[in-house]
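Asker: The following block contains the structure, expressed as structure tokens.
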Amino acid sequence: MAGSQFLSYLAVAILLSSRASHAQQSCGKIPTSGRIINGEDAEPGEWPWQVSFTSDGDHFCGGSLINENWVLSAAHCFPGGNNNYTVILGRHRLDGMGVNEAARGVEKIVNHPYYDRNTFDNDISLVRLSMPVQMNNYISTICLASKDSVIHPGTYTWVTGWGTTSNGTAADVLQEVRVPIVGQRECECSYPGLTMNMICAGFREGGKDSCQGDSGGPQVFNDRSENAMVQVGVVSFGQGCALPGFPGVYTSVQRYEWWIRNVTGSSPPSFVNVTTPGNFSDGFFVCPTDRPMTTEYLYTHYPPHFTTDDDSIFGTGANIIHFSYFSHFTSFFALFVSLYVLVGHS
Ligand code: ARG
């Protein structure tokens, strides 16, 4: 009798403790409400996994908290490996110290071993914090898309960050923007160097996008079936920001489940198998011929003075003009216009 009583107590205790640990690990809290270019201000605590990487007090990249010790970000944010970076969690504004903020140092940065700084392939990084963080209403983890996830074109995702806004300066209040996934074939029309490790999002007419300073930050999908927000991408690169025909390019998180598990070891983050509604694929997509490389298009969007190949005001090494054929075009235009000016003046 005493034995069976003990057993039932034990069962209840196990049940309670497993529930407790489950609750503690729950990731991807759904925001209660809902530049980034043409985004809107987030509410405090709306995106509690969003972190800000700072160097000498200046924000330079975003990231996402995936468990109490690890932050996911982009490899191109850390070209020089481990510097004196500070990770700020629970952050809402860049100006002034927020009451819900917590700061951590960086114990180590693990850039993906096959990150390619020329193609931006494998633009993903794991950053281990100097001390674990305590979860609360303003600081909590995001779930990650597992390797078997299927994310169809047209799926809406949210991107958040303090990057450049439409007025050309960094945001103060954290910005959020909703952009649809662009099919792989369609995105290849704009970025011929696209790989399977990249996923694109944006509107054909442009207007809404992530931008410089948003890099490393999360692109998340509201998975209603799991009742959780799930990170599908990491802000990586783009041709300009919010230009028509040039979606933002994100590192595809699902491709790295194995690598992330491997690096985080005994305390892996939570992976969720995401399947979004939508048509099967964009396999028959035919590239439009009127974009992107018409001379008119280039001239209006890339006037000849704009020949820098690094427009990142944060010095993260992000190449605006990313593919070499593009540099050729821009140099060609620079040449063309210099000749025009010379001839015009003589
Ligand atoms: N590479 C940029 C950064 O370092 C992010 C660019 C994203 N661009 C875009 N058009 N979505 O912050």
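Only the coordinates and a few stated rules stand behind these numbers; no lab work does. All values reported here derive from a predicted model rather than from experimental measurement. Neighbour counts run over all protein chains shown; Cβ positions are idealised from the backbone, glycine included.
Asker: Check the straight Cα-Cα distances from Lys147 and name the lysines below 26 Å, setting aside those fewer than 8 residues away within the same chain.
Answerer: Lys29, Lys108
Asker: Ok, one more. Which ordering of Arg93, Arg104 is given by a fewest-first count of other beta-carbon atoms within 10 Å?
Answerer: Arg93, Arg104
Asker: For the stretch 119-217, what number results from the quotient of the Cα radius of gyration and 2.2 N^0.38 Å?
Answerer: Its radius of gyration relative to the 2.2 N^0.38 Å reference: 1.23.
Asker: Which whole-Hz ³J(HN,Hα) couplings does the stretch 243-250 yield from phi under the Karplus relation 6.51 cos²θ - 1.76 cosθ + 1.60, θ = phi - 60°, glycine and proline marked x?
Answerer: Karplus values, whole Hz, x for Gly and Pro: 6, x, x, 10, x, x, 10, 10.
Asker: I've got another one for you. Hey, fewest Cβ within 10 Å first, where do Glu46, Glu40 land in order?
Answerer: Ascending number of Cβ neighbours within 10 Å: Glu40, Glu46.
Asker: What are the ³J(HN,Hα) values, in whole Hz, obtained from phi via the Karplus relation 6.51 cos²θ - 1.76 cosθ + 1.60 with θ = phi - 60°, for each residue of the stretch 63-69 in sequence order, with x given for Gly and Pro?
Answerer: x, 9, 7, 10, 7, 5, 10
Asker: Also, quick follow-up: Give the aspartates and glutamates whose C-alpha is closer than 16 Å to that of Lys208, dropping any in the same chain fewer than 8 places away, or say none.
Answerer: Of all the aspartates and glutamates, those that pass the test against Lys208 - Cα under 16 Å, at least 8 places apart if same chain - are Glu40, Asp41, Glu176.
Asker: Would you mind ranking Asp148, Asp214 so that the residue whose beta carbon has the fewest other beta carbons within 10 Å leads the list? Mind showing how you got there, number by number?
Answerer: Working: Asp148 11, Asp214 34.
Ranked by crowding around the Cβ, least crowded first: Asp148, Asp214.
Asker: What ³J(HN,Hα) values, in whole Hz, does the Karplus curve 6.51 cos²θ - 1.76 cosθ + 1.60 give for the stretch 208-224 when θ = phi - 60°, with x put for Gly and Pro?
Answerer: These are the phi-based 3J(HN,Hα) values: 10, 5, 7, 7, 3, x, 8, 3, x, x, x, 10, 10, 10, 7, 8, 5 Hz.
Asker: So, one more: Using alpha carbons only, how many angstrom separate the centre of the stretch 164-192 from the centre of the stretch 260-277?
Answerer: Between the Cα centre of the stretch 164-192 and that of the stretch 260-277, the gap is 25 Å.
Asker: How charged is the neighbourhood of Asn122? Take every other residue with its Cβ under 13 Å from the Cβ of Asn122, and add Lys/Arg as +1 and Asp/Glu as -1.
Answerer: Around Asn122, the charge tally is -1.
Asker: What ratio of Cα Rg to 2.2 N^0.38 Å holds for the stretch 58-121?
Answerer: Against the empirical 2.2 N^0.38 Å value, I get 1.22 for the stretch 58-121.
Asker: Quick one: what does P(r) look like for the stretch 205-276 with 10 Å bins over all Cα pairs, in whole %?
Answerer: Histogram of Cα-Cα distances, whole percents per bin: 19, 40, 32, 10, 1.
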